[in-house]
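Novice: Right, I'll just put the structure down here and ask away after.
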Amino acid sequence: MSAPRATLTRIAMRLLPLATGVGMILAWYAIHFGMSSEQRFLLPAPHEVARAFVDEGPALWGAALNTGGGALLGFGAAVAFSFALALVLSISPLVRASFYPYLMILQMTPIIVMAPILILWVGPGLRSVTIITFLICFFPMVVNTTQGLISTDRNLVDFFRMCKAAKWQEIFLLRVPAALPYFFTGLRIAGTLAPIGAIVGDFYAGNSAGGQGGLGFLAIIYSSRFQMGALFATAAVSCALGFVFVAGVIALSWLALHKWHDSFSHTEN
């Protein structure tokens, strides 16, 4: 490809997302003004959502911090506990056979059923939101990390054993580094689910006592008041929070893997 054509392609790749966004906003306005006057409140215009950002800014910011705190606590606990459990599960097939069915039961239990139980056990608020986030993030983390630990190259395992390496050396010097791509895959999934889990948890088990209400609780308030602009603004803030979590996980993955793993090798060519 010639240099001028390559330059034009790069410019087009950068401008196309902007053009698509402008087109979506225009389509949004078209749908809004195409609705009857009685129905327009159901789909507020973009400028009405922007006004809601200004009017409800302090409430949205405080709710985002509360939801982000619950998501971060649940996510961090899920990462730590799942990694420790994955090490245990990787010891032998018998250990995995003993525990795996119960992990499946935990994963299959609907959160909508767990929320009332958690409210009775620990009360509404941050603790319940954190536990719900933990339950949502935990399963993909432990499954991916365990799969990585048991998928280490057999030749390398035999080499370590031939060199009479201790079991802890085999685990922490061979299996754990080899499992990092699997670990970060699970981390990316969990990072996507963490804000969702915190918002769902706040929707079912949150409260506003002490100013601790999160985005889920705020959505209930705006919905009950038919404040559609503020409700759309809450959805946008929730989406932004998810992007923050995913971006953080991608950055950690890049820092840990880009120098040696094939998934990042294209950046070095």
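The values are calculated or read from the model by the stated rules, or taken from the named source; none is laboratory data. Just so it is clear, the structure is predicted and the values come from calculations on it, not from any experiment. A quick note on method: Cβ atoms are made from the backbone with ideal geometry, for glycine too, and the neighbour counts reach across all protein chains shown.
Novice: Do you know which of the residues in the stretch 210-251 that are buried (at least 18 other Cβ atoms within 10 Å of the Cβ) and polar (S, T, N, Q) is farthest from Ile189 (Cα to Cα)?
Specialist: Among residues in the stretch 210-251 that are buried (at least 18 other Cβ atoms within 10 Å of the Cβ) and polar (S, T, N, Q), the one farthest from Ile189 (Cα to Cα) is Gln227.
Novice: With the structure loaded, tell me whether Leu85 is modelled with pLDDT of 90 or more, surrounded by 15 or more Cβ atoms within 10 Å (Cβ to Cβ) and part of a helix (DSSP H, G or I) or whether it fails that test.
Specialist: In short, yes.
Novice: Only one of (1) over 20 Å from Pro195 (Cα atoms); (2) surrounded by 15 or more Cβ atoms within 10 Å (Cβ to Cβ) is not met by Leu72, so which one is it?
Specialist: It is condition (1) that Leu72 fails.
Novice: Could you say whether any residue in the stretch 200-214 is modelled with pLDDT of 85 or more, in the same structural domain as Ala236 (by TED's automatic domain parsing), farther than 16 Å from Ala84 by Cβ and β-branched (Val, Ile, Thr)?
Specialist: Yes, the stretch 200-214 contains a residue that is modelled with pLDDT of 85 or more, in the same structural domain as Ala236 (by TED's automatic domain parsing), farther than 16 Å from Ala84 by Cβ and β-branched (Val, Ile, Thr).
Novice: Could you please find all residues in the stretch 194-236 being part of a helix (DSSP H, G or I) and over 26 Å from Ile119 (Cα atoms)?
Specialist: Within the stretch 194-236, Met228, Gly229, Ala230, Phe232, Ala233, Ala236 meet the criteria.
For every residue, the table says whether it meets (1) without any contact (Cβ under 8 Å) to a residue 12 or more places away in the chain; (2) in contact with a strand residue (DSSP E or B) (Cβ under 9 Å, 6 or more places away or on another chain); (3) over 18 Å from Leu85 (Cα atoms).
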position	(1), (2), (3)
Leu135	no, no, no
Gln147	no, no, no
Asp153	no, no, yes
Met162	yes, no, yes
Trp168	yes, no, no
Thr185	no, no, no
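Each row is one residue, and each column tells you yes or no for (1) surrounded by 10 or more Cβ atoms within 10 Å (Cβ to Cβ); (2) touching a residue at least 40 places away in the same chain (Cβ under 8 Å); (3) not in a helix (DSSP H, G or I).
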{"position": "Thr7", "(1), (2), (3)": "yes, no, no"}
{"position": "Arg14", "(1), (2), (3)": "no, no, no"}
{"position": "Ala19", "(1), (2), (3)": "yes, no, no"}
{"position": "Met24", "(1), (2), (3)": "yes, no, no"}
{"position": "His32", "(1), (2), (3)": "yes, no, no"}
{"position": "Ser36", "(1), (2), (3)": "no, no, yes"}
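Novice: Something else about it: I'd like the residue in the stretch 90-103 that is without any contact (Cβ under 8 Å) to a residue 60 or more places away in the chain and within 23 Å of Leu174 (Cα to Cα) and, out of all such residues, is surrounded by the most Cβ atoms within 10 Å (Cβ to Cβ).
Specialist: This residue is Arg96.
Novice: Among the residues in the stretch 90-104, are any closer than 18 Å to Ile189 by Cα and assigned by TED's automatic domain parsing to the domain that holds Gly197?
Specialist: yes
Novice: In addition: Out of Phe184, Phe203, Phe160, I need the residue that is of a type in the set (Phe, Trp, Tyr), buried (at least 23 other Cβ atoms within 10 Å of the Cβ) and either touching a helix residue (DSSP H, G or I) at 6+ places or on another chain (Cβ under 9 Å) or farther than 30 Å from His258 by Cα (or both). Which one? Reasoning before the result, please.
Specialist: Details: Phe203 fails: buried (at least 23 other Cβ atoms within 10 Å of the Cβ); Phe160 fails: buried (at least 23 other Cβ atoms within 10 Å of the Cβ).
Criteria check complete, one pass: Phe184.
Novice: Which residues, counting only those in the stretch 48-57, are surrounded by 10 or more Cβ atoms within 10 Å (Cβ to Cβ) and in a helix (DSSP H, G or I)?
Specialist: As a first pass, look at the stretch 48-57 and keep what is surrounded by 10 or more Cβ atoms within 10 Å (Cβ to Cβ): 48-53, 55-57.
Matches in the stretch 48-57: Glu48, Val49, Ala50, Arg51, Ala52, Phe53, Asp55, Gly57.
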